[in-house]
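Only one structure is covered here, and it is reproduced in the block below.
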Amino acid sequence: VDVFQAWCGPCKPVVNLFQKIRNEVGSNLLHFAVAEVDSIDALEKYRGKCEPVFLFYTGGELVAVVRGADAPLLQKTILKHL
């Protein structure tokens with residue numbers, strides 16, 4: 001989940017990376033979503049930050065958090081949790 005604030009929007013540069021990985025591993029194994037922290041109370045702790053935050057869930061459980069648009073770390077985290 002790409003967690004963002006309304007004033008800065010989702011992290012567009014990472015979209016291509018996500019699409020590439022999804023094409024490699026298959027669309028039924030990997031799902032991407034975006035969530036605006038200003039409208040979701042459960043994400044309140046991520047408000048007020050100017051860096052992108054990516055939340056990784058497996059089976060409904062939060063398994064990893066990556067702060068910043070670090071493409072190699074994002075790819076490593078995705079592949080680790082598949």
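The values are calculated or read from the model by the stated rules, or taken from the named source; none is laboratory data. The structure displayed is predicted, hence computed values, not measured ones. Cβ: placed from backbone, ideal geometry, glycine included. Neighbour counts: every protein chain shown. The area values use the complete protein model at the heavy-atom level, side chains included, leaving out ligands, DNA and RNA. Shrake-Rupley method; radii C 1.70, N 1.55, O 1.52, S 1.80 Å.
At-a-glance table
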| read-out | value |
| --- | --- |
| In sequence order, calculated HN-Hα J values of the stretch 67-82 (Karplus, 6.51, -1.76, 1.60; Hz; x Gly/Pro) | 9, x, 8, 8, 3, x, 5, 4, 4, 4, 5, 4, 5, 4, 8, 7 |
| Heavy-atom accessible surface of the chain: percent carbon and sulfur, 1.4 Å | 54 |
| Helix-only mean residue ellipticity at 222 nm for the chain, each DSSP H run of n ≥ 4 adding -39500 (n - 2.57), per residue, nearest 500 | -8000 deg cm²/dmol |
| Within the chain: Cβ-based charge dipole about Cα centre, in debye rounded to nearest 20 (Lys, Arg +1; Asp, Glu -1) | 280 |
| 3J(HN,Hα) from dihedral phi, the stretch 6-13, Karplus parametrisation 6.51/-1.76/1.60, rounded to Hz, x for glycine, proline | 4, 6, 10, x, x, 7, 5, x |
| Accessible solvent surface per residue of the chain, calculated while the other protein chains remain in place, 1.4 angstrom probe, Å² | 65 |
| For residue 57, distant residues with modelled amide H under 5 Å away | 63 |
| For the chain, share of DSSP beta bridges that run antiparallel, in % to the nearest 5 | 75 |
| Interatomic Cα distance distribution for the stretch 23-82, bins of 5 angstrom, percent | 4, 14, 27, 26, 17, 9, 3 |
